[in-house]
Amino acid sequence: MKLIKIIVPFLVCFCFPALADNTDKSDAIILSTQTGIKPTTRINLKRTGVTLENGDVWVWGYRRQGLQGNGIKNVDKSSEPARVRTFVDQGLTIIQVAAGRYHIIALDENGDVWGWGRNRHRQAAGSITDDPYVTTPVKVLSGRKVVNIYCGDYASYALTATGEIWAWGRGNRGEIGVGNRVSKQKTQRITLPNSKLVVTMGVGERNAYAIDTGGNIWTWGDVISRKFCPGEKKTCNYVTSPENITSDLKVVSAGITSGQRIKEITGGKYFVTYLSDTGLVYGFGAIRYLADGKFDENALDEDDDQDWDDEDDDDDAINRREDKEDENDEIDDRKDPNRITKAPMSIIGPDSPDIKESVGYSLYCRYRGCVVLTKHKSLLTWGIKGSSKIITTLYGQKSTGAVKQRKLKGTLTKIDGGRESLYYWNEDGEVYGVGRGSQRRFSLSDNHNRDWNASRLDFLMDAMHNVYGKDYVLGQTK
């Protein structure tokens, strides 16, 4: 049986004062469940499950393209969940994981960053290798004292204790933030125009955000609103260098006059959301992904995930889709002002349609929806509005476009996710999955979707108990 690790919080004693005095901005610290819960995984994978347990990275579901990380390119989706052996063999504790569509990066206890999986745009390995698949984790950043990691669809980011942002991967839409649109980007530092250091950052689908020590809010990559275009341009599709959007995200009535009052910032497909230090949540961008308390038949997306399963086993099909996205880079689909908010929209707070109280503790968004974890260990969800069962299950009710409080089994201790799935753990050591079940994410024997009242994931629990022992209680962050 593997020795059970005592996970010690990553103490950032070497960081500059702005970060040292604001520990709420460092997700790298694994918080006690006696206070609030923060995700230690930021996952945007399409068909793969990932979690951190006892300092180990566990992977299940779709595991082609090197995603398992154990030296084999393709692992059958019906195989049992497995740990990433590199970190076990080297005795490393992993404290945070992030992932794009087909790649994974991990932050270890020493502040170093590792990557593996699909690497066609260098999104997994950065400057280390140009191989299209990385089947065993490689160390992408070493000696930088990283405290936070993030992934867009095809790009990776690391925030250091000294306030630097490092990025690598696909830059066709300016995601790397270094002034160009190059497909394969090696590891580079993103420098803000005012040369200030960064306190916190977040990502959307093909863009990123940062808040500096002066409270300025910056964005680069795919533009979600024309308001985010540089001042000299009336319209634009991409911002290749950080652009200041502080004035656009102000909410004076809520006391948010700069980024200094923003605790977390994140986003998804054409939207950005942010959580204030008093628990308020605001959103900006595509209305169809925000909780406005309304339902508009004309503002719905098609359920465009339905045809992905067949492509997941075909590398050439994935290449064709990525190339097609590049061809569409010049298409501006943000022309309709009725589909983009004109000002920040209240999602949680006194002016919101649903949740009036300031309850937000941590915010997690990906692709088409968001989750808020509260100080009282409850879970709120919202996102794309539509009529399909999966949309209603994951994001809320069609009739209202509302924030929905989820009824969980047991007391919440940990949450993981993906583009169209969520996993939550409770104090009894049980785990439940919600959303799309394709590629055996919720069962080794079927691809059935799961609702909030579905049965627990015994196959995942059994695999972990086989390693840690039957008396080990899963899902408890230390």
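Here region 106-120 is scanned for amide nitrogen atoms under 15 Å from the site 7 Å beyond the Cα of K184 along Cα-to-Cβ, giving 118-120.
Computed 3J(HN,Hα) for region 376-385, one whole-Hz value per residue from the Karplus formula 6.51 cos²θ - 1.76 cosθ + 1.60 where θ = phi - 60°, is 9, 6, 8, 10, 10, 10, 7, x, 4, 9, glycine and proline marked x. Measuring r between the beta carbons of S388 and A317 and using R0 = 22 Å, the FRET efficiency lands at 0.45.
Could you list the residues of region 87-116 with an amide nitrogen less than 17 Å from a label point located 7 Å from the Cα of S79 in the Cα-to-C-beta direction? Answer for this model: 87-89, 103-104, 116. Here the Karplus relation 6.51 cos²θ - 1.76 cosθ + 1.60, evaluated at θ = phi - 60°, turns the backbone of region 131-141 into coupling constants of 4, x, 9, 10, 8, 10, x, 10, 7, 8, 10 Hz, with x for every Gly and Pro. The H on the amide N of T93, modeled in the peptide plane, is under 5 Å from the matching H of E109, each at least 5 residues off or on a different chain. Convert each backbone phi in region 46-60 into a coupling constant with the Karplus relation 6.51 cos²θ - 1.76 cosθ + 1.60 (shift: θ = phi - 60°), then list the ³J(HN,Hα) values in order as whole Hz, x for Gly and Pro. Result, ordered by residue: 7, 9, 10, x, 9, 8, 9, 9, 6, x, 9, 9, 10, 10, 8 Hz. For A343 and E232, the FRET efficiency from 1/(1 + (r/R0)^6), where r spans their Cβ atoms and R0 equals 35 Å, is about 0.95. Under 5 Å from the amide H of G437 lie the amide H atoms of N449, R450, each residue being 5 or more positions distant or on a separate chain, with H modelled from the backbone and absent for Pro and chain starts. Full extension of the chain between S455 and K356 gives 32.4 nm of extra length, using 0.36 nm per residue less the Cα-Cα distance. The ranking of S421, S241, S352 from fewest to most other beta carbons within 10 Å of each one's beta carbon is S241, S352, S421. When L249, L197, L67 are arranged by Cβ crowding within 10 Å, least crowded first, meaning fewest neighbours, the order is L197, L249, L67. Taking every Cα-Cα distance in region 123-275 and sorting them into 10 Å bins from zero, the calculated P(r) comes out as 12, 42, 34, 10, 2, 0 percent.
Coordinate-derived values only; no laboratory data. Bear in mind the structure is a predicted one, so any value in this text is a computation, not a measurement. Using ideal geometry, Cβ is built from the backbone for each residue, glycine included, and neighbour counts are taken over all protein chains shown.
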